[in-house]
1. In whole angstrom, how far apart do the alpha carbon centroids of the range B:48-116 and the range A:74-135 sit?
2. Per residue of A:19-29, what is the mean number of Cβ atoms on other protein chains within 10 angstrom of that residue's Cβ?
3. As an exercise, use a Förster radius of 35 Å and the Cβ-Cβ distance of A:SER120 and A:GLU6 to find the FRET efficiency, rounded to the nearest 0.05.
4. Report the Cα centroid-to-centroid distance between the range A:1-22 and the range A:31-63 in angstrom, as an integer.
5. Just tell me how shielded A:70-77 is by partners: mean number of partner chain Cβ atoms within 10 Å of each residue's Cβ, no decimals.
6. Checking the table A:LYS70/A:LYS153; B:LYS48/B:LYS85; A:LYS69/B:LYS138 against a 30 Å threshold on Cα-Cα, which pairs fail?
7. If amide H atoms are built 1.01 Å from N in the plane of the peptide, which residues on other chains or at least 5 residues away come under 5 Å of the amide H of B:GLN79?
8. Give a residue-ordered list of calculated ³J(HN,Hα) values for the range A:143-154 (Karplus: 6.51 cos²θ - 1.76 cosθ + 1.60, θ = phi - 60°; whole Hz; x for Gly, Pro).
Amino acid sequence: MQLTFEINNQSHTVEVPEDMPLLWVIRDVLRLKGTKFGCGQAMCGACTVQVDGDAIRSCSYAAKFAQGKKVTTIEALANEEKLHPVQQAWLDERVPQCGYCQPGFIMATKSLLEKIPNPSEDEINDNITNICRCGTYHRMRKAIHRAVELQQKSKL
Amino acid sequence: MKTSYFVMLLFLSVAVVSLTAWDKPEKDDLPTTGDPTKSRAALGAMLKVLKHQRCMNCHPTDDRPRQGDDAHAHLFNVQRGTDNKGLAAMRCVACHQTENNKQSNVPGAPHWQLAPKSMGWMGLSDEQIAANLIDKSKNGNRSLDQLMEHMTRDPLVQWAWQPGEGRTVPPVSQKDFHEAVRTWIENGAVIK
Ligand code: FES
Ligand code: FES
């Protein structure tokens, strides 16, 4: 099929099988390698991107559903001068170990903070359900709170 | 005297209003004709479907969808949310689209969501489930026609017979279920 959609604020048209996972379109067709493949079964969240603002597990999202939609991947978060507050918080709290799962967690957290700008512990537990094999959960929790602080400061 | 006249008038008008309501049953009121035995047998067939895990897993009385034939709580702490479509950043649509996913085998159908809590069936008796089906305050304000439409046409309901590889289907065929719904309603929609 001819898939036309917006990715990271740029419109793209690509020729892909309609049932190809969006993750393959992002990584193998558009060569954006920040989004990772973990389980391929919508279980780990390594492949999380945003589609029209919602966190989506792109390994389990057929390309055809992205038609006309707005996709955001980890590559769009920082610009030349500045990291996104969630990325900055991740750096401040030195979250990653191997780093493989982190883009997915960062995208899920971005999505959470856009919907709940100051989440409680329960809201973090309920909404961030990705898996980190290195077990960096404790530092991630701290980084989520740090990202809230950074976002609040940047609004002052 | 004036007061008692007024009370009497009030009483009469209430009586007239209720009489009017009684005299003119709504089109959707339960049919009084038909064969209750047939309706009862049809309900039995329907319940085999409604109580199968493909249906029951998304009709919980709490806030957690279930998975599998053992009805375990949905992995990843998945929850109902305010609109029955998941929490703020854990929406159903994060993993479930409008059809079964051919790569990941994650199930999908149009408007994938939990049934509203008022339509929860888990832990209810057969009679309670049947009573809730026809109770407009619990069934999404559906008339019997709309209930029939929902059970025989809604693609999310029909998904139960095309649930994707490795998932069991209800023990009554889709066609026989539709027939049972029709027979149940046309013969009075008995609840026991
Ligand atoms: S790779 Fe998509 S959820 Fe694991
Ligand atoms: S940092 Fe290694 S899997 Fe998460």
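1. 25
2. Details: counts 4, 2, 4, 0, 1, 1, 0, 0, 0, 0, 0.
Partner-chain Cβ atoms within 10 Å, mean over residues of A:19-29: 1.
3. On the way: r = 33 Å, r/R0 = 0.94.
Efficiency for this residue pair is about 0.60.
4. The distance from the Cα centre of the range A:1-22 to that of the range A:31-63 comes to 14 Å.
5. On the way: counts 0, 0, 0, 0, 0, 0, 0, 0.
Whole-number average of other-chain Cβ neighbours for A:70-77 is 0.
6. Working: A:LYS70/A:LYS153 28 Å; B:LYS48/B:LYS85 26 Å; A:LYS69/B:LYS138 36 Å.
Among A:LYS70/A:LYS153; B:LYS48/B:LYS85; A:LYS69/B:LYS138, the Cα-Cα distance tops 30 Å for A:LYS69/B:LYS138.
7. For B:GLN79, the qualifying residues are B:LEU87.
8. Going residue by residue, I get 5, 5, 5, 5, 4, 4, 4, 4, 5, 5, 4, 5 Hz, with x marking Gly and Pro.
Every read-out reported here was derived from the displayed coordinates using simple, explicitly stated rules and does not represent laboratory data. Here the structure is a predicted model, which is why all the values come from computation and not from measurement. When we count neighbours, we look across all protein chains shown, and the Cβ atoms used for this are built from the backbone with ideal geometry, even at glycine.
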